[in-house]
Amino acid sequence: MRQLFTLITISICLTSTAQEPNDLIELLRTDLRNQRDTIIHSALALSEKERAAFQPLFDAFTTELRALWDDRLRLLDDYTKVSEEVTDAQAADLIDRLFAIEKRDVDLRMKYYKQVRKVLPAVKAARWVQVERRWGQLLELQAANEIIQLPGAR
């Protein structure tokens with residue numbers, strides 16, 4: 001667990017050095033993704049047999065999750081373009097898109113939890129959901145930090 005907190009702290013420090021939204025996007029897609037894989041596998045302490053069954057599901061989940069994060073980052077980029085002069089219609093559209101992404105996120109996690117539960121004991125499947133969700137919250141926090149730093153958001 002100490003390793004998890006250390007990596008999360010490092011991740012926050014890395015993203016806080018991002019000067020441009022594109023820097024943040026690049027960090028999210030490289031260093032943080034690699035750290036995520038290490039943290040997940042460390043937290044689950046899988047046997048070889050469990051790892052062989054889990055890994056294809058984890059890879060498929062990661063691919064689908066990446067598409068969701070691409071949508072989140074596009075939403076953040078769209079917000080940054082209109083943040084100082086956002087209209088009511090634009091604000092409503094942005095929030096509708098956010099809720100749709102969040103619903104897809106929950107649906108995706110439920111879908112893969114059911115599949116992971118078939119190949120791992122319930123305790124490990126639950127731990128995967130918990131660690132994965134905390135990782136997602138860290139990324140959301142980093143995205144929120146980018147929004148807070150926008151000129152119109154203060």
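Read the figures in this text as sums done on the coordinates, not as results from a lab. The shown structure was predicted, so the numbers you read here are calculated from the model rather than taken from an experiment. All Cβ positions, even for glycine, are placed from backbone atoms using ideal geometry, and neighbour counts span all protein chains on display.
Worth a mention:
- Note on Asp59 and Lys81: with the Förster distance fixed at 35 Å, the Cβ-Cβ geometry gives a FRET efficiency of about 0.55.
- With 0.36 nm allotted per residue and the present C-alpha distance subtracted, the Glu48-Ala91 stretch has 10.6 nm of extension available.
- Cross-link reach list, lysines versus Lys103, counting only Cα pairs under 22 Å and skipping chain neighbours closer than eight places: Lys111, Lys114
- The local environment of Ala45, defined by Cβ-Cβ distances under 14 Å, has a net charge of +2 under the rule Lys, Arg +1 and Asp, Glu -1.
- Ranked by the mean number of other Cβ atoms within 10 Å of their residues, highest first, the peptides 106-115, 73-82 come out as 73-82, 106-115.
- Extension gain, Lys114 to Gln137: 0.36 nm times the residue separation minus the Cα-Cα distance gives 6.2 nm.
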